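Read the structure below first, then the notes.
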Amino acid sequence: YDTSTEIATSGVYRGCWGVYPLLPSGNILASDMQTGLWVLGSMATGVQDSPSAENQFFIYPNPASDQVYVNRSLGTFNYSVFDMYGKQVATGRSAYSFDVSFLQSGMYVLKLQAKGLGHTTRFIKN
């Protein structure tokens, strides 16, 4: 997160030196050496949860350790998992769950698609 407006003219670092992205609110805390604490809204990732009631899915457990399960019987669904930088880190097809054991601890964005329905949500990997 680039929080510094200063132009670096010397070898001295300016800007964000620490980030905490795991708040239940989805907000992200960033510490800046010159300007202090920044609270970035959950929109910082550019991803919103799907608002439509007909598309509502939920996943569990959240936080997850090894497997993530989907609450609805969707038949087979496609999934994509993105890290907080927007990089796709997993993709696949499943009937009710998928493996997250290989992911590092942190927050991820999950995109599900099945039978013309789609849903995007966040989850935390322990």
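Quick notes on this one:
- Whole-Hz ³J(HN,Hα) from phi, Karplus 6.51 cos²θ - 1.76 cosθ + 1.60, for the range 22-29, glycine and proline x: 9, 6, x, 6, x, 5, 10, 9
- Amide H to amide H distances under 5 Å link residue 62 with no residue, where only residues 5 or more positions off or on other chains count and H is placed in the peptide plane.
- Each label was represented as a point 7 Å from its Cα along the Cα-to-Cβ direction; for residue 37 and residue 65 these points are 3.2 nm apart.
Computed from the coordinates by the stated procedures, all read-outs in this text should not be read as laboratory data. All values derive from a computational prediction rather than experimental measurement. Cβ sites come from the backbone with ideal geometry, for glycine too, and all protein chains shown count toward neighbours.
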